[in-house]
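A.B. asks: Okay, here's the structure, questions in a sec.
The values are calculated or read from the model by the stated rules, or taken from the named source; none is laboratory data. Just so it is clear, the model here is predicted, and its values are computed rather than measured. Here the Cβ is made from the backbone with ideal geometry for all residues, glycine too, and neighbour counts use every protein chain on show.
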Amino acid sequence: MSDKKIIVVTGATGAQGGGVARAILADADSGFAVRALTRDPASPAAKELADLGAEVVPADFYDEPSVHKAFDGAYGAFLVTNFWAHGSAAKETEEIEVLVRASKQAGLRHVVWSTLEDTRELLPLADDRMPVLQGAYNVPHFDAKGAGNELFRQAGVPTTFLNTTFYFQGFLQGFGPQRAEDGVLALTLPFEEGKLLAGVDVADIGRTALAVLKGGEQYIGSTIGLAGDHLTGAQYAAKLAAAIGEPVRFQSVPYDVFRTLDLPAAEEIANMFQYYGDFDQKFTGARDLDRLRRLNPALTSFDAWLAENASRIEVK
Ligand SMILES: NC(=O)c1ccc[n+]([C@@H]2O[C@H](COP(=O)([O-])OP(=O)(O)OC[C@H]3O[C@@H](n4cnc5c(N)ncnc54)[C@H](OP(=O)(O)O)[C@@H]3O)[C@@H](O)[C@H]2O)c1
């Protein structure tokens with residue numbers, strides 16, 4: 001039997017957990033084995049992880065015994081919930097509660113929790129610059145995760161809080177440049193020009209989580225704010241233009257206009273970008289790129305990410 005310490009990875013078939021699983025599996029000296037959780041071990045993504053050497057086990061956040069069973073005997077975990085599976089902060093909170101109970105019951109020694117700022121700490125709900133969503137949130141997918149931090153603390157689970165941010169991969173998935181009516185490519189975001197947006201290569205969530213797990217005890221109880229670059233909308237557009245080989249202009253859409261658009265989760269997305277913008281100094285200041293690069297020397301800048309991925313940006 002292997003004497004490697006087992007790391008449970010939720011969302012292992014997805015972007016964040018997949019990055020964590022791959023980072024661990026690629027590091028022969030980590031001393032860790034990956035236990036990848038999925039609702040469907042027969043899916044292509046699950047089979048790929050098994051081929052890479054992961055132990056793939058079935059678990060569904062809505063079948064709590066399956067989660068407890070999957071955590072049994074593990075040393076640690078990388079935990080992420082998927083708000084976008086349902087779009088409900090109340091459901092995401094229920095999932096976090098299940099993960100906290102399972103971590104506690106299994107006696108995990110180190111959990112890396114993929115979380116985000118609770119925006120209500122800087123922006124009280126009474127502030128009327130943005131609508132309150134789902135009864136109690138500014139940005140439900142941020143606030144539910146941030147409030148979840150306290151559940152890990154109260155349960156005494158030894159946790160490192162990994163504050164994530166906007167993935168560079170978003171530019172491949174809906175936030176990328178689109179041709180405007182005048183024929184010019186436009187990067188259109190509900191974000192004010194001059195504000196800084198922290199972006200990250202999702203693979204760096206994996207590489208950083210592995211560094212934190214390897215670092216062990218020194219990181220327990222601490223919060224690590226993650227990013228690979230802090231750039232303005234115009235800077236993202238200029239870098240996209242250079243990589244694509246065609247001009248891209250940044251087009252800022254006022255938050256109130258974006259909220260009224262007939263787009264999925266338009267209010268939530270506008271609130272999120274308004275929070276990124278209105279609190280940009282605090283948000284980017286909590287993500288020190290030099291410190292992050294010391295923890296994860298492979299930290300990817302936006303230029304480096306574009307060098308690898310620009311050819312995948314579809315522009316018509
Ligand atoms: N997109 C961004 O820029 C961004 C930035 C920061 C944070 N986030 C956060 O990232 C989270 C999503 O992570 P991701 O991007 O890695 O998602 P993803 O690529 O869409 O993958 C979702 C994962 O969640 C798992 N999952 C969903 N429902 C589950 C359930 N009931 N039980 C067990 N596993 C379940 C899926 O596993 P199976 O299908 O295999 O069961 C899958 O592996 C969201 O909560 C979002 O708020 C996103």
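A.B. asks: Give the residue that is farthest from Lys239 (Cα to Cα), with candidates limited to residues of the range 150-174 that are within 16 Å of the ligand (Cβ to nearest atom), at pLDDT 95 or above and part of a loop (DSSP other than H, G, I, E, B).
C.D. replies: Checking each candidate, the answer is Thr164.
Matching residues to (1) part of a helix (DSSP H, G or I); (2) within 12 Å of the ligand (Cβ to nearest atom); (3) among the charged types (D, E, K, R); (4) out of contact with any Gly (no Cβ under 9 Å at 6 or more places or on another chain):
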residue: Leu37; (1), (2), (3), (4): no, yes, no, no
residue: Ala42; (1), (2), (3), (4): no, yes, no, yes
residue: Ala50; (1), (2), (3), (4): yes, no, no, yes
residue: Val56; (1), (2), (3), (4): no, yes, no, yes
residue: Val67; (1), (2), (3), (4): yes, yes, no, yes
residue: Ala70; (1), (2), (3), (4): yes, yes, no, yes
residue: Gly73; (1), (2), (3), (4): no, no, no, yes
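A.B. asks: Whether any residue in the range 261-276 is more than 18 Å from the chain's Cα centre (by Cα), modelled with pLDDT of 95 or more and on the phi > 0 side of the Ramachandran plot is what I want to check.
C.D. replies: No, because not a single residue in the range 261-276 is more than 18 Å from the chain's Cα centre (by Cα), modelled with pLDDT of 95 or more and on the phi > 0 side of the Ramachandran plot.
A.B. asks: Scan the range 81-93 and give yes if some residue there is touching a Leu at 6+ places or on another chain (Cβ under 6 Å), within 12 Å of the ligand (Cβ to nearest atom) and not β-branched (Val, Ile, Thr), otherwise no.
C.D. replies: No; the residues of the range 81-93 include none that is touching a Leu at 6+ places or on another chain (Cβ under 6 Å), within 12 Å of the ligand (Cβ to nearest atom) and not β-branched (Val, Ile, Thr).
A.B. asks: Continuing with the same structure: Quick one: Phe283 ticks every box in (1) loosely packed, with under 14 Cβ neighbours inside 10 Å; (2) assigned to a helix (DSSP H, G or I); (3) touching a residue at least 40 places away in the same chain (Cβ under 8 Å) bar one, so which box is it?
C.D. replies: Result: Phe283 fails condition (1) only.
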